[in-house]
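See below for the structure under consideration.
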Amino acid sequence: MKEFPALSVAHVADPDLLAAAVDEFSPTAIESCESDIRVFFATPADRDAACAALAASFDITAIDVPDEDWARRTQENLEPITVGRIIVASPWAAANLQPSALSPQPSAILIVVAPSMGFGTGHHATTRLCLAALQAIDVTGQVVLDVGTGSGVLAIAAERLGATHATGIDNDPDAIQSARENLEVNPAARRVTFAFGDLTACPERSRIAPQETDGARGFQPSETGSPERLALQLRSGQADVVTANLTGGLLVRSASALLATVRAGGTLILSGLLAHERDEVCRAFAPAAVVWEQEEDGWVGLAMKKP
Ligand code: SAH
């Protein structure tokens, strides 16, 4: 969560005097609370300078005030984005979306992403590259695993594009909570599940053969998200398609773990890598071969087919 650097000043006899004293340190706001006055600054350095200078004259404590509303305020004004058939919009933008925005594309799919701490509003090039890749390959009838799901946008998109089931995992509990909240605002996405899980906690050796004993394909993410269950999901090579919008470094380090999650003949959609990391990522995922590639703002999206 974003935090504001601030000073909490107690027992203030004369608020005007305090305002005059902090003025030279360029405070961004001064707020009267029940038991103190809070002075906010643009940077911790500004705050610390003010704190050092005023400590002798005031009853002062440096604090970091969590901005619980930060996600909402930064994201509610975001414009909807369109990638192929997919439109990603905030609940406010979705409510105001004119039918004409959808009608030129009768097959348009609207995905609502509520502001949250989970990355993935569609406003980053890497998310858009993954959304493009999901449409470049055919996900109809496929089982999809989204590693590092953030807001859940890719898992929801995969399902809306026709996947039989999509599971999103993330090692950030806040992301999993936001992803689950996003399911509530996307009631059309019925075959999507989210579970806590850490890609790097997955042992890379001793791969488990695909488990299709009951004929039902698809991941069974545990509600508790136990590491054992996750390792099973990650290593069992059940996914037809795996999406991983991470970083170049993490993709390289986790290449064998990610390759093990996808069945032979399945596809990995990778992004989060920069153009200069592209060759190293491709080498790490060999013998999987690039079947689709796109670049935007220096970021690369790849679809690689596992032989
Ligand atoms: N899939 C979304 C979000 C990508 S951001 C989109 O495309 O927009 C990357 C996400 O990966 C973050 O939510 C981060 O918490 C998650 N992540 C980073 N390292 C991880 C790991 N080791 N295991 C699982 N998730 C991870």
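Where a number appears in this text, it was derived from the coordinates with a stated rule and is not lab data. On a predicted model such as this, the values are computed, not experimentally measured, just so you know. Glycine gets a Cβ as well: all are built from the backbone with ideal geometry, and neighbour counts include every protein chain shown.
Alpha carbons only, please: Rg and Dmax for the stretch 255-305, in angstrom.
10.5, 32
Go ahead and run the numbers for FRET between ALA62 and ASN171, Cβ-Cβ distance against an R0 of 25 Å, rounding to 0.05.
Numbers: r = 31 Å, r/R0 = 1.24.
That pair, ALA62 with ASN171, gives E of 0.20.
What do the square roots of 5 times the Cα gyration tensor eigenvalues come to for the stretch 82-199, in whole Å, largest first, as semi-axes of the equivalent ellipsoid?
Numbers: eigenvalues 89, 54, 30 Å².
Value: 21, 16, 12 Å, ordered largest first.
What spacing in nm lies between the two simple spin-label points modelled at SER256 and LYS2, each 7 Å away from Cα in the Cβ direction?
4.2
Assuming 0.36 nm per residue, please report the length gained on full extension of the stretch GLU293 to ALA20 beyond their Cα-Cα distance. Intermediate results must be reported in sequence, preceding the final value.
Details: separation 273, 0.36 × 273 = 98.28 nm, distance 5.78 nm.
92.5 nm is the gain from fully extending GLU293 to ALA20.
How long is the gain from ALA264 to THR247 if the chain were fully straight, where each residue apart is worth 0.36 nm and the alpha carbon distance is subtracted?
Numbers: separation 17, 0.36 × 17 = 6.12 nm, distance 2.40 nm.
Full-extension gain reported as 3.7 nm.
Which value, in debye to the nearest 20, describes the size of the charge dipole of the stretch 128-187 about its Cα centre when Lys and Arg Cβ atoms bear +1, Asp and Glu Cβ atoms bear -1, and nothing else is charged? The partial results should precede the final answer.
Working: 3 positive and 8 negative charges, 42 e Å.
About 200 debye.
In nanometres, what is the gap between the two model label sites at ARG190 and LEU274, each 7 Å from Cα along Cα-to-Cβ?
4.5
How big is the Kirkwood radius of the stretch 108-173, worked out from every pair of different alpha carbons and given in Å to one decimal? Intermediate results must be reported in sequence, preceding the final value.
Details: mean 1/r = 0.0836 Å⁻¹.
Roughly 12.0 Å, rounded to one decimal.
Are there any trypsin sites (Lys or Arg not before Pro) in the stretch 121-206 that are in a DSSP loop and have at most 16 other Cβ atoms within 10 Å? List them by number. Write down the numbers at each step before the final one.
Working: sites: ARG128, ARG160, ARG180, ARG190, ARG191, ARG205; in loops: ARG190, ARG191, ARG205.
Passing both the DSSP loop test and the Cβ count: ARG190, ARG191, ARG205.
Taking 0.36 nm per residue of sequence separation and subtracting the Cα-Cα distance, how much length would be gained by fully extending the chain between TRP92 and THR43, in nm to one decimal? Intermediate values should be presented prior to the final figure.
Numbers: separation 49, 0.36 × 49 = 17.64 nm, distance 3.10 nm.
That pair, TRP92 and THR43, stretches by 14.5 nm at full extension.
Neighbour counts of other C-beta atoms within 10 Å: give me SER151, SER107, SER90, SER8 arranged from fewest to most.
Working: SER151 28, SER107 7, SER90 22, SER8 16.
Fewest-to-most Cβ neighbours within 10 Å comes out as SER107, SER8, SER90, SER151.
Loop only per DSSP, at most 15 neighbouring Cβ atoms within 10 Å: give me the trypsin sites (Lys or Arg not before Pro) in the stretch 1-63, ordered by residue number. Don't skip to the end; give the middle numbers.
Details: sites: LYS2, ARG38, ARG47; in loops: LYS2.
Those that pass, being in a loop and sparsely packed, are LYS2.
What spacing in nm lies between the two simple spin-label points modelled at ALA29 and THR200, each 7 Å away from Cα in the Cβ direction?
Distance between the two pseudo-spin positions: 3.5 nm.
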